[in-house]
Amino acid sequence: MNINGLDIQVEHKNIKNVHLSVYPPDGRVHVSAPLNYSDELISMYVLQKWIWIEEKRNILQAYNIQPEREYISGEAHYFKGMKYRLKVNRQSYGPYSVAINGDYIVVNVHSGTTKDNIKQTLYLWYKEQLTPILQRLIEKWQKILNVQLMGWEIRLMAVRWGSCSETKGKAYFNVELAKKPIDCIEYVVAHELTHLIERTHTDHFCRLMDTYLPNWEELRKKLNEFPL
């Protein structure tokens, strides 16, 4: 749907109320609407929220987000909600490694290493750091919700922070979560494991989230606004 020259992603679901979201990094607008909502009703709703949408998009687009990184010393990179500067150490021998040193994420690589290899080295490090965080939070929320995952994986995901298959009992988490504050990571874990009880974002789903993680909407907002 296009409104005032802006493409709006519309998804009809078995819900009672309309949910409007604006996602980073480019301010993508998504509307979840009840099954019986017509395009006209959705358009009216969006237009009523237009000032808020424009403000939110301006805020997101003003963030210093670098979708195409050069992976060179001095670049800003994030880890667990903290901002660091990248320091690339090129050496003639030795294993590739990544470590936090003060305000720097230090990457040790060989002298002829390409940008893609540095990117991959960081990806593997982020994945390694995120694994025990997710393990702890998954165990915690399995007990809280009285559910059990059959398995879970970390992968690079283009548009989602996580996903969960109720039928397969398996969850997937975006490696980019390693850059986010811990409470935001916990929100994603709670959200995905709640899908083992309620497959879609129904009112029942929202009530479960309200019960077990009362500030989940604040955390969702924080997650989506925090720079990568």
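So here's what we get for this one:
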| quantity | calculated |
| --- | --- |
| Qualifying residue in segment 74-82 (condition: surrounded by fewer than 17 Cβ atoms within 10 Å (Cβ to Cβ), in a loop (DSSP other than H, G, I, E, B) and in contact with a Ser or Thr (Cβ under 8 Å, 6 or more places away or on another chain)) | no |
| Residue match in segment 103-118 (condition: part of a helix (DSSP H, G or I), out of contact with any strand residue (DSSP E or B) (no Cβ under 7 Å at 6 or more places or on another chain) and either basic (Lys, Arg) or closer than 18 Å to Phe79 by Cβ (or both)) | yes |
| Filtered residues of segment 1-26 (kept if within 19 Å of Ile59 (Cα to Cα) and in contact with a strand residue (DSSP E or B) (Cβ under 9 Å, 6 or more places away or on another chain)) | Leu6, Asp7, Ile8, Leu20, Ser21, Val22, Tyr23 |
| Residue in segment 193-204 that is modelled with pLDDT under 90, under 22 Å from Tyr23 (Cβ atoms) and crowded, with 18+ Cβ neighbours inside 10 Å present | yes |
| Residues within segment 87-108 that are under 28 Å from the mean Cα position of the chain (by Cα) and of a type outside the set (D, E, K, R), tallied | 13 |
| Residue match in segment 175-184 (condition: of a type in the set (Gly, Ala, Ser), within 27 Å of Glu75 (Cβ to Cβ), in a strand (DSSP E or B) and open to solvent by less than 30 Å² (accessible area, probe 1.4 Å)) | no |
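Each row is one residue, and each column tells you yes or no for (1) aliphatic (A, V, I, L, M); (2) under 23 Å from Tyr71 (Cβ atoms); (3) in contact (Cβ under 8 Å) with a residue 12 or more places away in the chain.
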| residue | (1), (2), (3) |
| --- | --- |
| Leu86 | yes, yes, yes |
| Arg90 | no, yes, yes |
| Gly94 | no, yes, yes |
| Val107 | yes, yes, yes |
| His110 | no, yes, yes |
| Lys127 | no, yes, yes |
| Met150 | yes, no, yes |
| Ala158 | yes, yes, no |
| Glu166 | no, no, yes |
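The values are calculated or read from the model by the stated rules, or taken from the named source; none is laboratory data. Note that this is a predicted model, so its numbers are computed, not measured. A quick note on method: Cβ atoms are made from the backbone with ideal geometry, for glycine too, and the neighbour counts reach across all protein chains shown. The protein model used for the area step is the full one, side chains on, heavy atoms only, and it has no ligands, DNA or RNA in it. Shrake-Rupley method; radii C 1.70, N 1.55, O 1.52, S 1.80 Å.
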